[in-house]
Amino acid sequence: ESVTGIQQVKDFFGRVQNQETYGRTVIPGDAAYLQVLPYPERGKPEDFFGLSGDVRLVVNAEPKEVHIGDPITFTMQLTGLNDTKVRMPDLSTLLGPGFDIPDTRSPDKNEGTGKTVVQTIRVTNSAVTEIPTISLSYFDPISEKYKQAESPAIPLQVLDTQIVTAADLEGESR
């Protein structure tokens with residue numbers, strides 16, 4: 001708001017005082033137009049699902065030494081996103097076979113240009129030795145090209161799982 005004029009008012013004792021009046025000044029201008037272009041089809045990867053910006057990816061998993069079926073907290077952090085509301089692809093597609101991924105997970109955390117996804121996963125067989133490289137396609141609007149954000153594979157040590165039978169629970173009698 002800015003001073004738009006002066007008016008005369010009486011104070012508590014009846015004296016006439018000059019008082020500034022405030023208001024908004026509107027200056028009309030030309031309308032702004034924004035044209036939203038679709039993602040280019042040329043060079044679009046098959047696995048592209050809408051990420052754009054200068055995307056960086058960091059993946060972590062804890063613990064890294066597990067028995068088959070033990071929970072692993074899998075965290076995927078993306079930064080440099082133009083839109084953090086984009087829906088992430090299914091983790092089973094990214095991780096491949098050998099992992100059990102529940103249908104439910106914690107809500108994604110969107111902060112600034114970043115998005116954090118946290119999911120509990122479980123190894124389902126002893127042939128799994130790592131969480132594989134995660135690769136996400138994104139569009140870089142500055143270079144106007146599709147690129148890949150990648151994280152390195154995370155080695156896992158999968159320990160033998162002891163199978164407990166009813167006899168083990170009751171104790172063997174000899």
In sequence order, what are the phi-derived ³J(HN,Hα) couplings for the stretch 119-131 according to the Karplus relation 6.51 cos²θ - 1.76 cosθ + 1.60 with θ = phi - 60°, rounded to whole Hz, with x for glycine and proline?
9, 7, 10, 9, 6, 10, 8, 6, 6, 6, 10, 6, 8
If the label point sits 7 Å along Cα→Cβ of Arg42, residues of the stretch 136-153 with amide N under 19 Å come out as 138-148
Pick from Ile27, Ile131, Ile121: which residue has the top mean-square fluctuation in a GNM of the chain where Cα pairs under 10 Å get a spring?
Ile27
Per residue, in Å², the accessible surface of the stretch 12-99 once ligands and nucleic acids are set aside, probe 1.4 Å
75 Å²
Whole-percent carbon and sulfur share, accessible surface of the stretch 88-136, 1.4 Å:
47 percent
Taking 0.36 nm per residue of separation between Ala32 and Asp100 and subtracting their Cα-Cα distance, the length gained on full extension comes to 19.5 nm
Gaussian network model of the chain, Cα springs within a sub-10 Å range: biggest mean-square fluctuation belongs to which of Ala61, Ala31, Ala149?
Ala31
About its Cα centre, what dipole magnitude does the chain give when the only charges are +1 on Lys and Arg Cβ and -1 on Asp and Glu Cβ, stated in debye to the nearest 20?
820 debye
How large is ³J(HN,Hα), in whole Hz, for each residue of the stretch 49-59 in order, when computed from phi with the Karplus curve 6.51 cos²θ - 1.76 cosθ + 1.60 and θ = phi - 60°, using x for Gly and Pro?
10, x, 5, 8, x, 9, 7, 10, 10, 10, 10
Per the C-alpha gyration tensor (a ≥ b ≥ c, the square roots of its eigenvalues), the chain is rounded if a/c is under 1.5, else prolate if a/b beats b/c, else oblate; here it's oblate
Nonlocal Lys pairs with alpha-carbon distance under 14 Å, the chain (8 or more apart, or different chains)
4
Dividing the mean separation of Cα pairs under 8 Å (6+ apart) by the residue count of the chain yields a relative contact order in percent of 22 percent
So which chymotrypsin sites (Phe, Trp or Tyr not before Pro) in the stretch 1-52 pass both tests, a DSSP loop state and at most 11 other Cβ atoms within 10 Å of the Cβ?
Phe12, Phe13, Tyr33
Listed residues Val123, Val158, Val16; largest mean-square fluctuation, Gaussian network over the chain with Cα springs below 10 Å, found at Val16
Counting other Cβ atoms within 10 Å, keep those with at most 12, restrict to DSSP loop, and tell me which GluC sites (Glu not before Pro) in the stretch 32-93 are left.
Glu41, Glu46
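The values are calculated or read from the model by the stated rules, or taken from the named source; none is laboratory data. Here the structure is a predicted model, which is why all the values come from computation and not from measurement. No Cβ is skipped: glycine too gets one built from the backbone with ideal geometry, and neighbour counts run over all protein chains shown. Surface areas here come from the heavy atoms of the whole protein model, side chains and all, with no ligands, DNA or RNA. Shrake-Rupley method; radii C 1.70, N 1.55, O 1.52, S 1.80 Å.
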